[in-house]
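Quick note: the coordinates plus some simple rules give every number you see, no bench work behind them. Please read these numbers as outputs of a predicted model, since none were measured by experiment. Because the Cβ atoms are built from the backbone with ideal geometry, glycine has one as well, and the counts that use them run over all protein chains shown.
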Amino acid sequence: MPNLNNPVLIKALVAAAHRGVKVELLLSKRFNEQRESALGAGGTNAKAVKKLKSLSKNSSNLDIRWYVAPGGNEPVEENRSGDGASHAKFASFDDHMVVIGSSNQDNQSWYYADETSLAIAGRDNTVYVRDRLFQPAFDRSVAAD
C-alpha cells in the first residue's frame with residue numbers, strides 16, 4: 001500500500017494482531033509525504049507505523065516493512081519518476097479473498113477520491129495473486145523503523 005493513515009483501519013489492524021491474526025503490511029517509505037502531511041489528510045506512513053507499533057505494543061503478529069524495489073536493498077523513498085516506487089494496492093485475507101484496485105488506505109482515498117477496488121473470492125485466486133504480487137515484494141523488503 002503506498003499510503004496508510006486511516007484511523008479506523010489502523011485500529012482494525014491492531015485488533016486483528018491482538019486476536020492472533022498475522023498482519024503483514026508493506027508500505028512505501030515517504031510516499032506522497034507532503035500531501036499526506038497536509039491538514040486533514042491523515043498523516044504520513046511513518047506516523048502510521050509509529051501509531052501501529054504503539055497500539056499493538058510491537059506485537060509479534062504485526063510485521064510492517066518498507067518496500068524495496070526489485071534488485072535493490074534500500075527502501076524506495078518518495079515517489080519520483082523512475083525511482084522504482086510501488087503504487088500497487090493489494091490485500092488478502094486468510095488465503096480466501098484478495099482485494100486489488102486503486103484505493104490507498106488513507107483518508108483522501110476513503111472519503112474524498114473516486115477510488116475503486118475489486119474483491120475476488122477463492123483460495124486458488126487469492127494464493128495466485130498473493131504469490132506473484134505481494135510475497136516477492138514483502139520478502140525482499142526491510143523492517144519499518
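Taking Cα centre as origin and charging only the Cβ of basic (Lys, Arg, +1) and acidic (Asp, Glu, -1) residues, the dipole magnitude of the chain rounds to 460 debye.
Relative contact order for the chain: 28 percent, from Cα pairs under 8 Å spaced at least 6 residues apart, divided by residue count.
In the chain, if the dipole is taken from +1 on Lys/Arg beta carbons and -1 on Asp/Glu beta carbons about the Cα centre, which of Tyr112, Val142, Val49 is farthest to the positive end? So the residue we want is Val49. Whole-Hz Karplus values for the range 114-131 come out as 8, 9, 8, 9, 10, 9, 10, 8, x, 4, 4, 5, 4, 5, 4, 5, 4, 5 Hz, taken residue by residue from phi with 6.51 cos²θ - 1.76 cosθ + 1.60 and θ = phi - 60°; glycine and proline positions read x. Note on the chain: Lys pairs 8 or more places apart or on different chains, Cα atoms under 15 Å apart, count 11. Between Ala15 and Asp63, the simple spin-label model (points 7 angstrom out along Cα→Cβ) gives 2.4 nm.
The label point for Ser102 and the one for Tyr128, both projected 7 Å from the Cα toward the Cβ, are 2.5 nm apart. On the basis of the beta-carbon distance and an R0 of 22 Å, Val142 and Thr116 show a calculated FRET efficiency of 0.10.
Where both partners of a DSSP beta bridge lie in the chain, what percent of those bridges are antiparallel, to the nearest 5? Mind dumping the intermediate values first?
Working: 11 of 18 bridges.
Here the antiparallel bridges make up roughly 60 percent for the chain.
As I understand it, the dipole of the range 1-144 uses +1 on the Cβ of Lys and Arg and -1 on the Cβ of Asp and Glu, about the Cα centre. Which of Met1, Tyr67, Ala16 lies farthest toward its positive end? Farthest towards the positive pole: Ala16. Can you give me the C-alpha center-to-center distance between the range 78-143 and the range 1-19, rounded to a whole angstrom? First find each Cα centre; the distance between them is then 14 Å.
Using DSSP loop states and a limit of at most 12 other Cβ atoms within 10 Å to flag trypsin sites (Lys or Arg not before Pro), what is the longest stretch of the chain containing no flagged site?
On the way: sites that count: Arg19, Lys22, Lys57, Arg80.
In the chain, the maximal stretch lacking such sites is 81-145.
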